[in-house]
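Written out below as structure tokens is the structure these notes cover.
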Amino acid sequence: MKVMLDPPNDENLHTIQSVSRSNGSIASKVSCGGLSGHFEAPADPIAQEIEYIPSEDLTPIGDVEKSLLTLLHRLDSKEWLTVLEALNHVRQLSIFNASEMVDILNAVVSLVIKAMKNPRSALCKTAIMTSADLLKAYSDQLLETFDPLLLQLLLKASQDKKFVCEEAERALFGMTTWITPNPLLQKLEPYVTHRNPRVRAKAAICVSKSVSRLGVHGIKDYGLEPLIQLAAAQVNDQLPEAREAARKLVFELHGAYKQITPSNEEPDVNATLYQPDGWEQYCASILAPTAAHAILRITCNGSSISPS
């Protein structure tokens, strides 16, 4: 069988046309859950369809040991259907056999990132779904190899292909609930000032969601000043979603600021900065005048936007 690998252009099903052989044609239907596949020889060539299986509908792999032995080789295959199947085996293993994949986890993540860069949309989307399952299963264990994965998710969430973009957004926003906020914020900081405005916007939303998980004490431990500076970098951004995320973050930080008070047992030399009536002075002391004005304008103009 010779397969014409035309670029897919449908948002839900990716169709690759099969070319018949001299003695007939063969078409296949491949499940993106890595669960099954059937082959038949119809009278006329038919399309090959890729179905995306939600994580909750995946089932355990029958022979885990065999799958693990060949997993890296299959992930690095030149045959995209082989890679597709291997990606879904990674999804199944991360959900049902996470501890058994730990020894090769770093190599697996690197190959998943490679698949995310593939121009074939079906492979790219499946790799993004795989990254989400990995993030959920391993959370902070992925921090050592996290930077290139985060970058690819931000880039994919910023592209024009809607179904890829939406899948990357789901992975990013899920990431903010699966990874500890403090180290995640440190990883996100550089992207808030990225040259790509869409990347900045996605990073700003992730920052806002992560800060909301810190709580007052977490914000104080992380540092109120760097968080306000992150918000100030986005309040006047060109994209509305970045500005909206920055506003939510400002309200979150302002609310935390009003609750932060120095301990009686441990006097703070900067205690006056944490008094509710010192918000204006505090912003002026850590931000450029224009940035401070933008922050104060948000907190002084009412509560039409509340943190979420």
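Tabulated data
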{"read-out": "Pairwise FRET efficiency - K78 versus T180, Cβ, R0 = 30 Å, nearest 0.05", "value": "0.20"}
{"read-out": "Under Karplus coefficients 6.51, -1.76 and 1.60, residue-wise ³J(HN,Hα) of segment 171-187 in Hz, glycine/proline x", "value": "5, 5, 6, x, 3, 5, 9, 9, 9, 3, x, 4, x, 5, 4, 4, 6"}
{"read-out": "Difference of contour (0.36 nm per residue) and Cα-Cα distance, T70 to R297", "value": "75.9 nm"}
{"read-out": "Which of W80, W178 is most accessible, then next, and so on - probe 1.4 Å", "value": "W178, W80"}
{"read-out": "Karplus-derived 3J(HN,Hα), 6.51/-1.76/1.60, for each residue of segment 193-200, Hz, glycine and proline x", "value": "10, 4, 5, 7, x, 5, 5, 4"}
{"read-out": "Per-peptide average of other Cβ atoms within 10 Å, ordering 117-130, 94-107 highest first", "value": "117-130, 94-107"}
{"read-out": "Virtual spin-label span in nm between Q159 and A284, 7 Å along Cα→Cβ", "value": "4.9"}
{"read-out": "Interchain or long-range residues, amide H under 5 Å from E49's placed H", "value": "V30"}
{"read-out": "In nm, spacing of pseudo-spin labels at D57 and Q259 (7 Å Cα→C-beta vector)", "value": "4.1"}
{"read-out": "Segment E144-N118, length gained on full extension (0.36 nm per residue, minus Cα span)", "value": "7.1 nm"}
{"read-out": "Partner lysines for K187 [C-alpha distance under 30 Å; skip if fewer than 8 residues away on the same chain]", "value": "K114, K117, K125, K136, K156, K161, K162, K202, K209, K220, K248, K258"}
{"read-out": "Förster radius 22 Å - calculated FRET efficiency between E166 and N236, Cβ distance, rounded to 0.05", "value": "0.20"}
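The values are calculated or read from the model by the stated rules, or taken from the named source; none is laboratory data. From a predicted model like this one, the values you see are computed outputs, not experimental measurements. Heads up, the Cβs are rebuilt from the backbone with ideal geometry, glycines too, and the neighbour counts pull from every protein chain shown. Protein only, heavy atoms only, side chains kept; ligands, DNA and RNA dropped before computing areas. Shrake-Rupley method; radii C 1.70, N 1.55, O 1.52, S 1.80 Å.
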